[in-house]
Amino acid sequence: MNPDDFDAVIASVGAEAHKKIKRNKGSIIPSAYAGISYDLAGEESRTTAVFSGNSLAVKGIENEQFAGNVGFGLTYEVDTWSVGINYDGKFKSSQDSHAATLQARYTF
């Protein structure tokens, strides 16, 4: 299979809020954001497969250009250390994507 390339140019706008809450020796930082994005390129995915000299082109899902984006997270900081978890979601009319991340950070 020979996948063709796929280009995306994304413009987005949104807002984020977070608050640092002091607790004993550290801080808890909840955060949330929401926004919208638009794919300026608007390309659709397509793959071409060649089997014994014959080729077959398969059209992928339609690339919806508008999306709603949301996310939230929670971080705990102590001195130069922090640990956190985040969720990010992108929602289109015919498809959704979700991601979760766990991070640990040491600042020096």
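Taking the chain as a Gaussian network, Cα atoms linked when under 10 Å apart, which of A67, A57, A32 shows the biggest mean-square fluctuation?
A57
If you place +1 on the Cβ of every Lys and Arg and -1 on the Cβ of every Asp and Glu, how big does the dipole about the Cα centre of the chain come out, in debye to the nearest 20?
Computed about the Cα centre, the dipole is about 820 debye.
Out of G71, A99, A57, whose Cα points farthest toward the positive end of the dipole of region 27-108 (charges: +1 Lys, Arg; -1 Asp, Glu; placed on Cβ)?
Final value for the positive-end residue is A57.
Show me, for region 69-81, the HN-Hα J-couplings you get by feeding each phi into the Karplus relation (A = 6.51, B = -1.76, C = 1.60, θ = phi - 60°), rounded to Hz, glycine and proline as x.
Residue by residue, region 69-81 yields 10, 9, x, 8, x, 9, 10, 10, 10, 9, 6, 9, 9 Hz.
Can you check how the C-alpha radius of gyration of the chain compares to 2.2 N^0.38 Å, as a plain ratio?
It is 1.56.
What is the spin-label model distance, in nm, from D88 to Q65 if the labels are put 7 Å beyond Cα along the C-beta direction?
Result for the modelled spin labels: 2.3 nm.
If you build a Gaussian network model of the chain, linking Cα atoms that sit under 10 Å apart, which residue out of A34, A49, A15 swings the most?
Checking each option, the largest mean-square fluctuation is seen for A49.
Please list 3J(HN,Hα) in residue order for region 22-29, calculated via the Karplus relation 6.51 cos²θ - 1.76 cosθ + 1.60 where θ = phi - 60°; whole Hz, with x for glycine and proline.
Result, ordered by residue: 6, 9, 6, 8, x, 9, 9, 10 Hz.
Read-outs: derived from the displayed coordinates by stated rules, not from any lab. What you are looking at is a predicted structure, and each value in this text was computed from that prediction instead of being measured. We place every Cβ from the backbone using ideal geometry, glycine too, and count neighbours over all the protein chains shown.
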